[in-house]
Amino acid sequence: MMPDPTSSVPGLTDRRALERNRARALRLGPVDFLHRIVADEIEDRLAEVNRRFSAVAVVTGQPQFWRDAMPSAAIVADTPVLALEPGAHDLVIHALALHWAEDPVGQIAQAARALRPDGLFIAACPGGRSLHELRDALTRAEAEVTGGLSPRVLPMGEIRDLGGLLPRAGLALPVADQITQIASYRSLFHLARDLRAMGEGNALAQRLRRPTRRDVLLRAAALYAENHPDPQDETRIRATFDLVFLTGWAPDASQQKPLRPGSARMPLAEALASMRKPE
């Protein structure tokens, strides 16, 4: 279900700000190391699937990277209504854009409808404790300096919650897993520069609409360096990126099915008793 445009409930994402951030990232010369990690991971995962995919679509906010990475794939913008033809693809990849979606279930459901029977869906997005160090430093600095708080870092979904989206969107055999990438930076300001060059600046709908005070940023940088140093070099800071991968299949009669309730040949109590070792 798509969000109701007449609802008085504020949305999560300011799409215009997000598009501006992404356009600025292109001008800066985008920082794409997370996309490269995801592309390599997806390549490894596809190598383990005994299948050749010939009709691939990639949903992403960074089209140039994925156009280069997968020249034969259809590249689709991560707009609320995806430009995907029903039943047209045997593989749909949602690449590092799901975290900005107002309706992530709707995004996955649209991708699922675009799959042929037994087609594969793979999504990768930041989640878990991604950028928890930055969130901590900014929250503490703003509260200390101004006495208030404003949304600055996008909320991140937990792997269990994100994995639960797959069956809700109609996909079978759901799997969710996570890898963690730790990056090292000279300071909070160098991390912020990379986030802007990733197109991952603050695009929250409820964000502060004026520049952050310099004293807040300086205090946040000091708190970051004090509380989250890089263990390998304490003159630098660390930044955590938890990358969550979601995998599901379009339902098909050929897929494995769970046993029908009551079809077991031995009662559970009897099976458990047979497993007990004699005293």
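The values are calculated or read from the model by the stated rules, or taken from the named source; none is laboratory data. Just so you know, these numbers come straight off a predicted model, no measurement behind them. Because the Cβ atoms are built from the backbone with ideal geometry, glycine has one as well, and the counts that use them run over all protein chains shown. Note: accessible area is taken over every heavy atom of the protein model, side chains too, but ligands, DNA and RNA are not part of it. Shrake-Rupley method; radii C 1.70, N 1.55, O 1.52, S 1.80 Å.
Some observations on this one:
- Selection within region 110-156: residues that are hydroxyl-bearing (Ser, Thr, Tyr) and not in a helix (DSSP H, G or I). The member of this set that is modelled with the lowest pLDDT is SER150.
- For region 25-38, the tally of residues that are closer than 14 Å to PRO126 by Cα and crowded, with 16+ Cβ neighbours inside 10 Å stands at 5.
- All conditions in (1) open to solvent by 40 Å² or more (accessible area, probe 1.4 Å); (2) over 24 Å from PHE33 (Cα atoms); (3) among the hydrophobic types (A, V, I, L, M, F, W, C) hold for ILE159, with the sole exception of (2).
- Test: VAL105 is of a type in the set (A, V, I, L, M, F, W, C) and in contact (Cβ under 8 Å) with a residue 40 or more places away in the chain: yes
- Single unsatisfied condition, ILE179 versus (1) open to solvent by 40 Å² or more (accessible area, probe 1.4 Å); (2) modelled with pLDDT under 95: (2)
- Complete set of residues in region 217-250 that are within 17 Å of VAL31 (Cβ to Cβ), open to solvent by less than 10 Å² (accessible area, probe 1.4 Å) and out of contact with any Leu (no Cβ under 9 Å at 6 or more places or on another chain): none
- Region 54-73: number of residues that are open to solvent by 40 Å² or more (accessible area, probe 1.4 Å) and over 23 Å from ALA25 (Cα atoms): 2
- When region 101-116 is filtered for residues that are in contact with a helix residue (DSSP H, G or I) (Cβ under 7 Å, 6 or more places away or on another chain) and open to solvent by 30 Å² or more (accessible area, probe 1.4 Å), only PRO104 remains.
- Cross-chain or 6+ apart pairs with Cβ under 7 Å, region 190-216 first and buried (at least 19 other Cβ atoms within 10 Å of the Cβ), then part of a loop (DSSP other than H, G, I, E, B) and polar (S, T, N, Q): GLY199/GLN62
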